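K.L.:
Shown below is the structure under consideration.
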Amino acid sequence: MQLTDEQKKKVAEWLDEGVKLSDIQGRIGAEFGVKLTYMEVRFLIDDLKLQVKDPVVEAPPEPPAVVPGAPASSADAELMPPAGAPAGPSAVKITTDTLARPGTMVSGGVTFSDGQKATWYLDQTGRLGLASETKGYRPSQEDLMDFQASLQNEMAKMGF
């Protein structure tokens, strides 16, 4: 694992550019004709007393401001009951999937008091998603409030 001073400088430049170690391993093989294992590249970086730069992680976009009383999104607007809709007796039942859907922390199903079913999920940012099996279905306000309370209880049981 003998590299010339010029080659060592080149490796340092690659690190400064933010090149990943696996890519440096490939470049050393391609440009210098030296085959190194990934671990040997790690040792080389240590021997040269160089630091691997952490990748730049972009902050997630801020959610849009929500006006009180207004739906947070167009999906929420579809779920909001029309003004003056009668609220029926509430008997909301939720279930939790044993294996969360891809891209979610937790997911499950809900049956509203009128028998309509929907799926729900919480994503990694804590946003709640609700998708009705019947297009255009809007549960009553009471059912939505019952659903949220039941979901909070279920999440508390799970340690969220």
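K.L.:
Step by step: first the residues of the stretch 9-30, then only those that are surrounded by fewer than 11 Cβ atoms within 10 Å (Cβ to Cβ) and over 33 Å from the mean Cα position of the chain (by Cα), then the one that is farthest from K49 (Cα to Cα). Which residue is that?
P.N.:
So the residue we want is A30.
K.L.:
Sticking with this one: Could you run through the stretch 92-113 and say how many residues are of a type in the set (S, T, Y), loosely packed, with under 14 Cβ neighbours inside 10 Å and in contact with a Ser or Thr (Cβ under 7 Å, 6 or more places away or on another chain)?
P.N.:
The qualifying residues number 0.
Residue-by-condition table, conditions (1) under 24 Å from the mean Cα position of the chain (by Cα); (2) surrounded by 12 or more Cβ atoms within 10 Å (Cβ to Cβ); (3) not in a loop (DSSP other than H, G, I, E, B):
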| position | (1), (2), (3) |
| --- | --- |
| G115 | no, no, no |
| Y121 | yes, yes, yes |
| T134 | no, no, no |
| D146 | no, yes, yes |
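Where a number appears in this text, it was derived from the coordinates with a stated rule and is not lab data. Being a predicted model, the structure only gives us computed values, none of them experimental. Every residue, glycine among them, receives a Cβ derived from its backbone with ideal geometry; neighbour counts consider all protein chains shown.
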